[in-house]
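Enquirer: One structure coming up, written as structure tokens, with questions to follow.
Each value in this text was obtained by applying a stated rule to the coordinates, not by laboratory testing. As the structure is a computational prediction, the values presented were derived from the model and not from experiment. When we count neighbours, we look across all protein chains shown, and the Cβ atoms used for this are built from the backbone with ideal geometry, even at glycine.
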Amino acid sequence: TYGCSDYTTADKTGSSKTEPQAELTKVIAVGSQWYGHIPTFVGIEKGFFKEAGFDLEWRFIGKSMDRLNAISSGEAQFASLGEIAMLSAMAHGNKRFYWVGNQDIAPGFEGLVGGPGIKTFADLKGKKIGFPFGSSVDITGRTLLKANGLVPGRDVELVNLEVGDVPAVLRAGNVDAALIWEPGFSQLKAVEGMTVLGMDTDTDIYKKFHTMTGPDVLILGKKWTDNDPARAKRFLTAYFKAIDFVKNNPEKTAEIVQGKYVQQDLELLTKNLKRFKWLGAADQAKVMTESGIYGQADYVTEILKNDIKAIPEKPDFRKWVNLEVIPSGSN
Amino acid sequence: MKNKKNFELWQVAVIGSVGLIVFLTVWEGAVRSGLIDAFFLPPPSAVLKRMIQLSTGTDAVLLRDIRVSAVRVLVGFALSALVGVPAGLLMGISPTMRAFFNPVISIIRPLPALSWIPLSMLWLGIGEEQKYAIVFMGCFASVLVYTTDATMRVDPLLSLAARNLGAKRLQVIRHVILPGALPNILSGLKVVLAIAWTCVISAEMVGANVGLGFRIWTAKEWSDTGQVLVGMISISITVLLLDILFRLVERALLPWQKHGVHR
Amino acid sequence: MKNKKNFELWQVAVIGSVGLIVFLTVWEGAVRSGLIDAFFLPPPSAVLKRMIQLSTGTDAVLLRDIRVSAVRVLVGFALSALVGVPAGLLMGISPTMRAFFNPVISIIRPLPALSWIPLSMLWLGIGEEQKYAIVFMGCFASVLVYTTDATMRVDPLLSLAARNLGAKRLQVIRHVILPGALPNILSGLKVVLAIAWTCVISAEMVGANVGLGFRIWTAKEWSDTGQVLVGMISISITVLLLDILFRLVERALLPWQKHGVHR
Amino acid sequence: MTETLIKIQNVSMTFETRKGRVEAVSDFSLDIERGEFVCIVGAAGCGKSTLLNMLAGFVQPTGGSISLDGDIIKSVEPRCGIIFQNYALMPWMTVLDNVSFGPRLKYISKKERHAAARLWIEKVGLKGFEDAYPGELSGGMQQRVALSRALANEPDVLLCDEPFAALDAMTRQLMQEELVRIQRDTGKTVLFITHSIDEALLLSDRVVVMSARPGRVKAVYKNDLPHPRKMEVQISERFLELKREVWDLVQEEVMRSIRERA
Amino acid sequence: MTETLIKIQNVSMTFETRKGRVEAVSDFSLDIERGEFVCIVGAAGCGKSTLLNMLAGFVQPTGGSISLDGDIIKSVEPRCGIIFQNYALMPWMTVLDNVSFGPRLKYISKKERHAAARLWIEKVGLKGFEDAYPGELSGGMQQRVALSRALANEPDVLLCDEPFAALDAMTRQLMQEELVRIQRDTGKTVLFITHSIDEALLLSDRVVVMSARPGRVKAVYKNDLPHPRKMEVQISERFLELKREVWDLVQEEVMRSIRERA
Ligand SMILES: Nc1ncnc2c1ncn2[C@@H]1O[C@H](COP(=O)(O)OP(=O)(O)OP(=O)(O)O)[C@@H](O)[C@H]1O
Ligand SMILES: Nc1ncnc2c1ncn2[C@@H]1O[C@H](COP(=O)(O)OP(=O)(O)OP(=O)(O)O)[C@@H](O)[C@H]1O
Ligand SMILES: [Mg+2]
Ligand SMILES: [Mg+2]
């Protein structure tokens, strides 16, 4: 079950620290089954956080905005989440978190899947498309539809779904097509009669920036960070250590998280992880720049404000960025 | 004999308005003074502004949300009344029926509408039927229990009197049990109608693209706290309006009852 | 004078058991005969098996879920009673208070516990406090209204009698209003306790990793319909047990009331 | 006046309760003539209401039999109209609907039954209140409605279970006079239960004193006071003599039942 | 017996209601002596209860004044103990707790107040029922508890608002005898409201007849019937003479109030 992390293995395998457990700093991280959280799982299982003096508790929260809210309330300290939710929260005035990095730019793991009988965008006319509103696939879906001349509300009907419900709902035929990311995406692709109509790699955003629609962002609680920036840096150091492990050992990683954290076939998971593009500590200096992800974020806020009208104004997201706590990448 | 002040209706209205104004002013003040972060709790003025935005202009989504949710509530509620009232009457009249069905009912009754989401999606998908079903399951057992209760409370003396005047079993039910239970059935239904609203908010969590519940859930995804509050306040207002409507129905159906002006 | 059969307690128990058995048999039969796909509705036998699995062995999660949910219910409920009962008494006693707070209360009261999820997460995160807060918000206004009602229903003649015997204002409240309102307050609290359970299921939708609500939601993600049903039945059983417990408390607190053996 | 209408023969009634058997009425025998006004007095709980319920056919005696006009009463008997202490009017029916309720149950046309009801309503002095609901009337007025409802159903017998006990002394006096007037007009047979010996003496042709539980006939008094029984009669020697005799008997039974309960 | 305890002087009471002003009592004057037993009779709604409420200090007269032992009654007056028709016992208190409730409010020790209460309970014949709850008692027994509760609070005056109207005729008779006995034993001053002229004549030293609303003193009768007022007295010429006179007056007022309402 989620959240029942087993620290005893970590203790046996690689803890070099000698302090008793009582001195560990309690940190709560929140996340879901999405690949972007895998470094956290690995950090827990391999004992990286414990080595750095953190007792990391992981809790399942399916939606990005829920994770961000958990951090804003002070309850949780660390999360990876979708850029879309972060930008939207910024636009609505949430100032209680820092954007401290971007651990993966992994396009090609989400897309629009058509059910039986839906082979092309033209087939979608008059049909129902389900996906979790407010997530990255919201943007992916809308840009793809726009590019193919379909107007939501007129040509197609959009339905809000819970992340975990998407595969089942499409398979049951309750919607005609669905948008979803991994591991649900592979799950659907594998079903007979399903057709991938489009992916995030087919969007303007990808063409312009070579990123997924809503790349993963790393978030730290503002108060927690400000209270002890050194601690935050120590924490991220451990995190990026995990990233490096994941990057360099996709097979081992898959074995560690499969079944316990990610419910996906080991082979498929391994294959996907080999494809997945991770960004380490050293990459951050490149990514967190105007020429890096900022331009992409500017472009997305434009879409959010003008096309979807989900945000009242474009937030100056740069004010939320805190690069002080990113460890200087060594490897 | 009463030692209680008894306010006139207008006095109640004035004091109540003052209460409301104080509440809103404190809220607005707390946000403006910076005591509360506007992101965490937008002030009433901002909520009002958002409410106007959402209910005017090219796509006045709010009114459509209210309408759609209201239809879902009313259909699910009406279905539960259609099944629950006759079944409740039967259980109220027959001790055997009552003893027979009570355990099953008491298992179904405590289940929150929310807990029916998984099964209802499996059985009915994500269309309107599923929304109706969730409201229905959230209401049905309560309607049944309220009706059973109302039926059992009908003064047995009245049944005796009717039988003494020559009423047969069915006539007693038609002329005594039914009208005698009606006031309590109606007040039960009034309570259930409010429950139905809480159910529709559950139902609209998944597989919806319109409705007050949907409005709140998407607003949450977009971190639009103002819109969350607009959704909540719309629920309150709609429930209050429906309640007034229901009272009028009650008055029309029960002309023989004294209806207090205010409690 | 009564023309109704009045069953003995054991007769009610026997008939009720037969009802339950018929219900379960029909369900089991419908699945076994293939009328219903076991994936859509696992038979009672399968649910029972799953229930045993979940409550025995190395990690008996079910009992832990029940315990955690029960604690959340009880804390939230106790808080709402702690605030709602005194406030309700005050509103019951003072018409001014009543007129003042009524509008605000009637806005808060219809709001489903579920609709507090967005705000509560924003304010309190995903810890226990947030769960308590959702239960609290789902219960508080109801406790308040039930208590106000109970207070207003105390026979004013009793207050007069006490004042005639020399009771001062506070003595009237302490010796007449409070004990006089207690029976109705308790039956109000009993209703609210059931509401509290529906709230905790809402609260455990997000940011929980243990609890009956969590059990149902994860089971849904895994398409484990059997476990969904185990969760639902566990809610029913727990609520029923708590209800019995509550009745015992009632009996102890109200020795002067006649408590019916069965309704 | 010598035709026997009701024949109560060795009637007894035993209830099975959780706490054991309760013998409410035991070996009760009484003949009532057509047109007679019989009052029954007795201690609280001595079985008066039980007797009435048997006459109305709501319950069957566990022993003996009751016959009305030669037919043994085996089920609910609409020929015996009841008037209860608490009126038992349908609160949701207007006065007119209440009074015409009996005929309605027999599917008599609205026009016909309303016309008949109006007559009765007038006879009990409620003209103008046809469209009022019972809740809008005083106790005395409600009792009048109950009386006219029973009469509109054209029963042979009126069974009255302490019908005036809930009224205040003055209203009660007025109702007593009305009932006597109507009974004399219509010649109905009346069986009237009361706790008040004054009332029994003012109304009845015969007074039956019941023993404490199990109720039996303890004594029967022929009430030969002249009509109308206004104040003059109530001061008469005979009235006071009867009152004292009945009182002494009832008192004895009350004491006995109190002793037995303690 | 000539010391005036209660002085009611030109008292009037007007209620402001939604439908306008209601004059309940108007220009009512009466002196009551210490140890006297005064009964008040009058048509329904003539203002009897209102008068009693003013004596208890629950409401203040809108005109005139009421004084007790020389002090004007300005607020709730525990020296005037009330006995209500519906007993008004605390259902959650045992008989003993109900009877010792008044002393408890004065913080008298448990031992002391229980001892005193037991005496009163015994005096009204309820020994053995100390631990019963009111709901477990019959109406007559509850009324005895109410009586002893009032007495245990040691009031100077007993105000009784139709205390026996809810009891059956026989229980009522017993309670009347008990009340007279206790009043004679303790020498309490009693103001007793009733609808029953028989009751008034059996109990009182004086009978006050009130006019229809607004209530005024219509007539006062000195009741010189000898004690004890058993059956013999009730047959006497004087009893019947008084009864008829009072009856005629009350009847007149009832008729007037009915006419005015219609
Ligand atoms: N359905 C019943 N089951 C058990 N016992 C009953 C039932 N009906 C009446 N009794 C008992 O039979 C006895 C006679 O009751 P009944 O009501 O006939 O007395 P009553 O003379 O009408 O009394 P009251 O003067 O109080 O009206 C009582 O002891 C009562 O408890
Ligand atoms: N608080 C009040 N507000 C308005 N009117 C009142 C109030 N109390 C009493 N009245 C009116 O004053 C009149 C006298 O009432 P009161 O209760 O004193 O009469 P009563 O003689 O005790 O009647 P009853 O015989 O029915 O007990 C009635 O018309 C009543 O409606
Ligand atoms: Mg009876
Ligand atoms: Mg009165």
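Enquirer: Just want the answer: with Cβ charges of +1 for Lys and Arg and -1 for Asp and Glu, which residue in E:50, C:203, C:57 is farthest toward the dipole's positive end in the protein assembly as shown?
Expert: Among E:50, C:203, C:57, the one farthest towards the positive end of the dipole of the protein assembly as shown is E:50.
Enquirer: Also, quick follow-up: For segment C:81-208, with only Lys/Arg (+1) and Asp/Glu (-1) charged at the beta-carbon, what is the dipole magnitude about the Cα centre, in debye rounded to 20?
Expert: So the magnitude is around 560 debye.
Enquirer: Using only the alpha carbons of segment D:155-227, what is the convex hull's orientation-averaged projected area in square nanometres?
Expert: Across all orientations, segment D:155-227 yields a mean hull projection of 5.5 nm².
Enquirer: Further question: Counting other Cβ atoms within 10 Å, keep those with at most 14, restrict to DSSP loop, and tell me which chymotrypsin sites (Phe, Trp or Tyr not before Pro) in segment C:220-260 are left.
Expert: Filter output for segment C:220-260: C:222.
Enquirer: Which FRET efficiency value, to the nearest 0.05, do you get for residue D:241 and residue E:177 by plugging their Cβ-Cβ distance into 1/(1 + (r/R0)^6) with R0 = 30 Å?
Expert: After rounding to 0.05, the efficiency reads 0.85.
Enquirer: Okay, moving on. Compute the FRET efficiency between residue C:157 and residue B:9 as 1/(1 + (r/R0)^6), taking r as their Cβ-Cβ distance and R0 = 22 Å, and round to the nearest 0.05.
Expert: 0.30
Enquirer: Straight-line reach from residue D:19: which lysines have Cα under 19 Å away, leaving out those fewer than 8 places along the same chain?
Expert: Candidates past the 8-residue exclusion: C:2, C:4, C:5, C:258.
Enquirer: To continue, here is another question. Binning at 10 angstrom from zero up to the longest distance, how are the C-alpha pair distances of chain C distributed in percent?
Expert: 7, 22, 26, 24, 15, 5, 1, 0
Enquirer: Rounded to the nearest 20 Debye, what is the dipole magnitude of the protein assembly as shown about its Cα centre when Lys and Arg each give +1 and Asp and Glu each give -1 at the C-beta?
Expert: The calculated dipole for the protein assembly as shown is roughly 260 debye.
Enquirer: Output the 0 to 90 degree angle, nearest 10, between the alpha-carbon long axis of helix B:212-221 and the longest principal axis computed from the alpha carbons of chain B.
Expert: 40
Enquirer: Still on this structure, please answer the following. Could you work out [θ]222 nm for chain A from helices alone, using -39500 (n - 2.57) per DSSP H run of at least four and dividing by all its residues? Round to the nearest 500 deg cm²/dmol.
Expert: Dividing the helical sum by the residues of chain A leaves -10500 deg cm²/dmol.
Enquirer: With each label point set 7 Å from Cα along the Cα-Cβ vector, what nm distance links residue D:115 and residue D:227?
Expert: 2.9
Enquirer: Would you mind telling me which residue in B:161, B:203, B:219 has the biggest mean-square fluctuation in a Gaussian network model of chain B, where springs connect alpha carbons within a distance under 10 angstrom?
Expert: Greatest mean-square fluctuation among the candidates belongs to B:161.
Enquirer: Could you tell me how many degrees, from 0 to 90 and to the nearest 10, lie between the Cα long axis of helix C:44-55 and the main elongation axis, the longest principal axis, of the Cα atoms of chain C?
Expert: 70
Enquirer: Restricting the count to DSSP beta bridges whose residues both fall in the protein assembly as shown, what percent are antiparallel, rounded to a multiple of 5?
Expert: 55
Enquirer: Given the -39500 (n - 2.57) contribution per DSSP H run of 4+ residues, what per-residue ellipticity at 222 nm results for chain B, rounded to the nearest 500 deg cm²/dmol?
Expert: -25000 deg cm²/dmol
Enquirer: A further question on this structure: What nm value, rounded to one decimal, do you get for the distance between residue C:17 and residue C:187 when each label is placed 7 Å out toward the C-beta?
Expert: Modelled inter-label distance: 3.0 nm.
Enquirer: Relative contact order (percent) for chain E, with alpha-carbon contacts under 8 angstrom and 6 or more residues of separation?
Expert: 25
Enquirer: Calculate for chain E the 222 nm mean residue ellipticity that helices alone would give, adding -39,500 (n - 2.57) per DSSP H run of length 4 or more and normalising by residue count, nearest 500 deg cm²/dmol.
Expert: -11500 deg cm²/dmol
Enquirer: Which residue, chosen from B:73, B:41, B:173, occupies the Cα position most advanced towards the positive end of the dipole of chain B, where the dipole is computed from +1 (Lys, Arg) and -1 (Asp, Glu) charges on Cβ about the Cα centre?
Expert: Farthest towards the positive end: B:173.
Enquirer: Now, a different point. What are the chymotrypsin sites (Phe, Trp or Tyr not before Pro) within segment D:63-155 that DSSP puts in a loop, where the Cβ has at most 10 other Cβ atoms within 10 Å?
Expert: D:107
Enquirer: Can you tell me which lysines have their Cα less than 27 Å from the Cα of residue D:222? Leave out same-chain residues fewer than eight positions away.
Expert: D:7, D:48, D:188, D:230, D:243, E:230, E:243
Enquirer: If you filter segment A:120-174 for trypsin sites (Lys or Arg not before Pro), then keep DSSP loop positions with at most 15 other Cβ within 10 Å, what is left?
Expert: A:125, A:154
Enquirer: Take the cross-link list A:223/A:260; A:46/C:131; A:241/A:274; A:146/B:131 and give me the ones stretching past 20 Å between alpha-carbons.
Expert: A:223/A:260; A:46/C:131; A:146/B:131, as the Cα separations exceed 20 Å there.
Enquirer: Let me ask something else about it. Can you give the translational diffusion coefficient of segment D:87-154 in µm²/s, computed by Stokes-Einstein from the Kirkwood radius over Cα pairs at 10 °C and 1.306 mPa s?
Expert: The Stokes-Einstein estimate is 140 µm²/s.
Enquirer: Another question about this same structure. When the Debye formula is applied to the Cα atoms of the protein assembly as shown, each taken as the same point scatterer, what base-10 log of I(q)/I(0) results at q = 0.04 Å⁻¹?
Expert: -0.35
Enquirer: Taking Cα centroids, how far is segment E:101-124 from segment D:156-205 in Å?
Expert: 45
Enquirer: Computed on alpha carbon atoms, what radius of gyration and Dmax characterise chain E, expressed in Å?
Expert: Considering chain E through its Cα atoms, Rg and Dmax are 18.6, 58 Å.
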